[in-house]
Amino acid sequence: MSNNSPSKKIWNRFRRNKMAFGGLIFIALLLIMGILGYLITPDQTPYANDMHLQLNNKKPGRTFEFLVISHKKNFKKVNLLERMLYGQEADSKSIPITAYRKVGNKVYVREYIGDDERAEETAYPFVAEKDHYKQTFYLGTDMYGRDLLSRLILGIRVSLSVGLMAVLISLFIGVGLGAIAGYFGGRVDALISWFMNVIWSLPSLLLVIAISFALGKGFWQIFIAVGLSTWVDVARLVRGQVMALKEVEFVEASKALGFSTTRTIVKHILPNIAGPILVVASANFASAILLETGLSFLGFGAQPPMPSWGTMIKEHYGYIIMDAAYLAVLPGLAIMFTVYAFNLLAIGLRDAFDVKGQNVSV
């Protein structure tokens, strides 16, 4: 690739924007963590849903001792790929303890029931020395005694996957309708523009909630609901860009050569407006994450026990006025930094593609 190629110039301009480049690195790190998923979470059970109700709302950095009291029969160990994607079901049942002693083939333990409480000793059959272990909860535990760090990491998957699929849906609809309206004009443009203005006039969150009511609650329904509410920005941008480009020389030449309308739009017009489309897509990614977390907070998004940042805030916002505010603040910070990173990326792409110089409002 030549050093003077347009793509190289765009990359160099983007790289000089330190804030935007930092946002890209942050998004890349989130993507890597989301892909690795269960391989890097302390709790590798599906949805990081291993509950110890005795350990609810424990401060970050607390370490507890555990004792395995039974092993599951018919336990199936999954391969590495399945474990990365779906987690590994626990092969045993364990309890938090404060002390234990082995006598013969039995082990006598004092189960943890609170920092200021002392439980009576309970006898269990002794299994093996390795079944006594310690676990540190680096970000503490939630109201159900689940590892907060694990659920925050898995929440990355929910936010990024919803953002990606919603953006793809919005691009498919927005680019299609916008290109048709801008290229053909006349009554076609008037009809599509009227429809865009109707959707544009509806508050995004209310529109998403209405679509969610129609489709039902669930993870996959969020993709469609958020995607159907964010396509108007793309369509308005594409319509204006296509109207500006359809009279230029290379488009007239393609018509003179007898190329079809579809080929003219797809092969000649859309590649020339890729920059503005990428900018809007980046901004819509941030909007989709906010909509998803808002839906989950209201109970229409990802359903428990699936870890979602919005659901985590919903479950713990009452602790903000108590001594466990971090339970709601940490997922809130995750949302804030992720949305901020995508906004920085959008600004960096706008400057790199010189969208301002093209008189495009983004």
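The values are calculated or read from the model by the stated rules, or taken from the named source; none is laboratory data. What you see is a predicted model; the values in this text were computed from it and never measured. All Cβ positions, glycine included, derive from the backbone under ideal geometry; neighbour counts span all protein chains shown. Each accessible area value is taken on the protein alone, full model and side chains, heavy atoms only, with ligands, DNA and RNA left out. Shrake-Rupley method; radii C 1.70, N 1.55, O 1.52, S 1.80 Å.
Can you name every residue in the range 137-170 that is over 15 Å from the mean Cα position of the chain (by Cα) and over 20 Å from residue 94 (Cα atoms)? Lay out the reasoning, then the answer.
Initial filter on the range 137-170 (over 15 Å from the mean Cα position of the chain (by Cα)): 137-149, 169-170.
Correct list: 139, 169, 170.
List pairs: first residue in the range 320-349 and of a type in the set (Phe, Trp, Tyr), second residue open to solvent by 10 Å² or more (accessible area, probe 1.4 Å) and outside any helix (DSSP H, G or I) anywhere in the structure, Cβ distance under 9 angstrom, at least six positions apart or on different chains.
Matching pairs, first to second residue: 326/59; 326/60; 326/139.
For the range 292-340, give me each residue that is within 23 Å of residue 25 (Cα to Cα) and buried (at least 24 other Cβ atoms within 10 Å of the Cβ).
292, 293, 308, 309, 331, 338
State whether the residues of the range 280-296 include one that is in contact with a Gly (Cβ under 7 Å, 6 or more places away or on another chain), closer than 27 Å to residue 11 by Cα, of a type in the set (Phe, Trp, Tyr) and at pLDDT below 90.
No, that holds for no residue.
Could we say that residue 232 is aliphatic (A, V, I, L, M) and at pLDDT 85 or above here? Lay out the reasoning, then the answer.
Working: aliphatic (A, V, I, L, M): yes; at pLDDT 85 or above: yes.
Taking the combined requirement at face value, the residue satisfies it.
Residues in the range 50-76 that are modelled with pLDDT of 90 or more, in a loop (DSSP other than H, G, I, E, B) and open to solvent by 50 Å² or more (accessible area, probe 1.4 Å): how many?
Residues in the range 50-76 being modelled with pLDDT of 90 or more, in a loop (DSSP other than H, G, I, E, B) and open to solvent by 50 Å² or more (accessible area, probe 1.4 Å): 5 in total.
Residue by residue, here is whether (1) touching a residue at least 12 places away in the same chain (Cβ under 8 Å); (2) aromatic (Phe, Trp, Tyr); (3) open to solvent by less than 40 Å² (accessible area, probe 1.4 Å); (4) over 22 Å from residue 195 (Cα atoms) holds:
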residue: 236; (1), (2), (3), (4): yes, no, no, no
residue: 239; (1), (2), (3), (4): yes, no, no, no
residue: 273; (1), (2), (3), (4): yes, no, yes, yes
residue: 290; (1), (2), (3), (4): yes, no, no, yes
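Tell me yes or no: at least one residue of the range 197-220 is of a type in the set (Lys, Arg), in a helix (DSSP H, G or I), under 30 Å from residue 335 (Cα atoms) and modelled with pLDDT under 95. Steps first, please.
Step one: list which residues in the range 197-220 are of a type in the set (Lys, Arg), which gives 217.
Now restrict to residues that are in a helix (DSSP H, G or I): none.
Within the range 197-220 (the criterion being of a type in the set (Lys, Arg), in a helix (DSSP H, G or I), under 30 Å from residue 335 (Cα atoms) and modelled with pLDDT under 95), the answer is no, since none of the residues qualifies.
Restricting attention to strands (runs of 3 or more DSSP E) lying wholly within the range 96-139, give those where 2 or more residues are touching a residue at least 24 places away in the same chain (Cβ under 8 Å), open to solvent by less than 80 Å² (accessible area, probe 1.4 Å) and closer than 30 Å to residue 150 by Cα. It would help to see each step written out before you state the result.
Numbers: elements: 106-111, 121-125, 132-137.
Correct list: 106-111, 132-137.
Might you check whether a residue that is under 25 Å from residue 151 (Cα atoms) and either at pLDDT 90 or above or not hydrophobic (A, V, I, L, M, F, W, C) (or both) occurs anywhere in the range 260-271?
Step one: filter the range 260-271 for residues under 25 Å from residue 151 (Cα atoms), giving none.
No - not one qualifying residue is present in the range 260-271.
Residue by residue through the range 62-88, note down the ones that are of a type in the set (Gly, Ala, Ser) and over 15 Å from residue 43 (Cα atoms).
Going residue by residue through the range 62-88, those that are of a type in the set (Gly, Ala, Ser) are 70, 87.
Matches in the range 62-88: 70 only.
Within the range 175-184, can you find the residues that are open to solvent by 10 Å² or more (accessible area, probe 1.4 Å) and under 13 Å from residue 236 (Cα atoms)?
From the range 175-184, those open to solvent by 10 Å² or more (accessible area, probe 1.4 Å) are 175-177, 180, 183-184; that's our starting set.
Answer for the range 175-184, where residues must be open to solvent by 10 Å² or more (accessible area, probe 1.4 Å) and under 13 Å from residue 236 (Cα atoms): 175, 176, 177, 180, 183.
Can you name the residue in the range 77-94 that is touching a residue at least 12 places away in the same chain (Cβ under 8 Å) and part of a loop (DSSP other than H, G, I, E, B) and is also surrounded by the fewest Cβ atoms within 10 Å (Cβ to Cβ) among such residues?
77
Scan the range 299-327 residue by residue and report those that are at pLDDT 90 or above, under 14 Å from residue 158 (Cβ atoms) and either in a helix (DSSP H, G or I) or of a type in the set (A, V, I, L, M, F, W, C) (or both).
Answer for the range 299-327, where residues must be at pLDDT 90 or above, under 14 Å from residue 158 (Cβ atoms) and either in a helix (DSSP H, G or I) or of a type in the set (A, V, I, L, M, F, W, C) (or both): 306, 309, 310, 311, 312, 313, 314.
Tell me whether the range 174-193 contains one or more residues that are within 23 Å of the chain's Cα centre (by Cα) and within 30 Å of residue 334 (Cα to Cα).
Filtering the range 174-193 down to residues within 23 Å of the chain's Cα centre (by Cα) leaves 174.
Add one more test, that the residue is within 30 Å of residue 334 (Cα to Cα), and what stays is 174.
Checked the range 174-193: at least one residue is within 23 Å of the chain's Cα centre (by Cα) and within 30 Å of residue 334 (Cα to Cα).
Going by what's in this entry, would residue 123 be described as more than 30 Å from residue 334 (Cβ to Cβ) and of a type in the set (Gly, Ala, Ser)?
Values: more than 30 Å from residue 334 (Cβ to Cβ): yes; of a type in the set (Gly, Ala, Ser): yes.
When the stated conditions are applied, residue 123 passes them.
Which of (1) touching a Gly at 6+ places or on another chain (Cβ under 9 Å); (2) under 30 Å from residue 230 (Cβ atoms) does residue 151 not meet, given it meets every other one?
Of the numbered conditions (1) touching a Gly at 6+ places or on another chain (Cβ under 9 Å); (2) under 30 Å from residue 230 (Cβ atoms), the odd one out for residue 151 is (1).
If a residue has to be without any contact (Cβ under 8 Å) to a residue 60 or more places away in the chain, over 22 Å from residue 157 (Cα atoms) and either part of a loop (DSSP other than H, G, I, E, B) or open to solvent by less than 90 Å² (accessible area, probe 1.4 Å) (or both) to count, how many in the range 1-49 make the cut?
Here the count works out to 8.
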